[in-house]
Amino acid sequence: MNWETIDANAKQWVKEAGEKIRLSFKSKLNIETKSNPNDLVTNIDKEIEQFFIQHIRAVYPEHKIMGEEGFGDELQDLGGIVWLIDPIDGTMNFIHQQRNFAISIGIYEDGVGKIGLIYDVVHDELYHAFRGKGAYINENPLPKLKEATIKESILAINATWVIENKRIDHNLMIPLVRDARGTRSYGTAALEMVFLAAGRVDAYFSMRLAPWDFAAGAVIIEELGGVVTNLRGEKLDFLSRDSLFAAKPGLHQTILKDYLKSGQW
């Protein structure tokens, strides 16, 4: 299997898809809801996923595809080569802001992340990693992540989890937020993960994400020495929804031990 060719093709398709999205800014979106009124999907999400699937099927018919909008395969396992695709991560931002969204593609072989691509379409920034060969923004290499303390850290976390909610006991998160230097929320898992990779934030938390939300980001962060698990400190399951906790080395272990160990995640 020529992984360099797969990587080159994936990057080309991501850039072409990004141009399609930029051209869509002037057109009227067809917006639908999915699981709830705030779970939005547009005609562009669907068109971009189908764009990728058509190209992958034409060149790599033996590869499997998991896509957010449901046009891929029904997977029971991660055997072989699997593309995990989120055509627009941050659809609400895409609709309301026309920024703060990204294309996210993780390419895995037998459950191991080989390639991670996250494209910030508006800023024309392609974050990418090839397992064992480093991580980059466009052609600029990203340095390895350094350890940080909680008091000097900026945490990417949605304010929803620090107020009363149906999913977790919000009181468990308050000490963590109180002790950190600051918090940020961007509304897109893909960008929050690459902001961690680029050193713009130090840790990222989410209580429920799908595999296509974190597949690409996990490859990029781990290539730089960061740690990606669920909130219980367990390895991620790329076939089901789970919580997510990604952080710089050292900081991950500290937060897990001192703040998250008592939680029912």
Of all the residues that make up the range 133-158, how many are part of a strand (DSSP E or B) and closer than 13 Å to Ser206 by Cβ? 2
Could you list, in sequence order, all residues of the range 169-179 that are surrounded by fewer than 19 Cβ atoms within 10 Å (Cβ to Cβ) and in a loop (DSSP other than H, G, I, E, B)? Asp169
Residues satisfying the stated conditions in the range 161-206, i.e. hydroxyl-bearing (Ser, Thr, Tyr) and under 13 Å from Ser243 (Cβ atoms): Tyr204, Ser206
Determine which single condition Ser185 fails, assuming it passes every other condition in (1) within 20 Å of Phe101 (Cβ to Cβ); (2) touching a residue at least 60 places away in the same chain (Cβ under 8 Å); (3) surrounded by fewer than 19 Cβ atoms within 10 Å (Cβ to Cβ). (2)
Looking at the range 101-112, can you tell me whether even one residue there is touching a helix residue (DSSP H, G or I) at 6+ places or on another chain (Cβ under 7 Å) and outside any strand (DSSP E or B)? yes
Which numbered condition trips up Gly72, out of (1) within 25 Å of Glu222 (Cα to Cα); (2) in a loop (DSSP other than H, G, I, E, B); (3) touching a strand residue (DSSP E or B) at 6+ places or on another chain (Cβ under 7 Å)? (1)
Tell me whether the range 159-168 contains one or more residues that are assigned to a loop (DSSP other than H, G, I, E, B) and modelled with pLDDT of 95 or more. no
Condition check for Gly80: without any contact (Cβ under 8 Å) to a residue 40 or more places away in the chain and surrounded by 16 or more Cβ atoms within 10 Å (Cβ to Cβ): no
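Under the condition of being part of a strand (DSSP E or B) and charged (D, E, K, R), which residue from the range 83-100 is farthest from Glu68 (Cα to Cα)? Reasoning before the result, please.
Filtering the range 83-100 for residues part of a strand (DSSP E or B) gives 83-89.
Now narrow it down to the ones that are charged (D, E, K, R): 86, 89.
Details: Asp86: 5, Asp89: 9 Å.
Out of the qualifying residues, it is Asp89.
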With the first residue restricted to the range 86-111 and required to be free of Cβ contacts under 8 Å to residues at least 60 places away in the same chain, and the second required to be assigned to a helix (DSSP H, G or I), Cβ contacts under 7 Å at 6 or more apart or on different chains are Thr91/Asp45; Arg99/Asn93
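Would you mind finding the one in Leu231, Leu244 that is aliphatic (A, V, I, L, M) and within 21 Å of Glu69 (Cβ to Cβ)?
From the options Leu231, Leu244, the qualifying one is Leu244.
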Within the range 240-265, restricting attention to residues that are surrounded by fewer than 15 Cβ atoms within 10 Å (Cβ to Cβ) and not small (Gly, Ala, Ser), which residue is modelled with the highest pLDDT? Gln253
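Can you report the number of residues in the range 95-112 which are crowded, with 21+ Cβ neighbours inside 10 Å and more than 13 Å from the chain's Cα centre (by Cα)?
Looking only at the range 95-112, we keep the residues that are crowded, with 21+ Cβ neighbours inside 10 Å, and these are 101-108.
Retained after the next criterion (residues that are more than 13 Å from the chain's Cα centre (by Cα)): 108.
So the answer is 1.
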Residues that are part of a loop (DSSP other than H, G, I, E, B) and either modelled with pLDDT of 95 or more or closer than 23 Å to Lys114 by Cβ (or both), drawn from the range 31-68: Tyr60, Pro61, Glu62, His63, Glu68
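The values are calculated or read from the model by the stated rules, or taken from the named source; none is laboratory data. As the structure is a prediction and not an experimental result, all values here were calculated from the model. Positions of Cβ are backbone-derived with ideal geometry, glycine not excepted, and every protein chain shown enters the neighbour counts.
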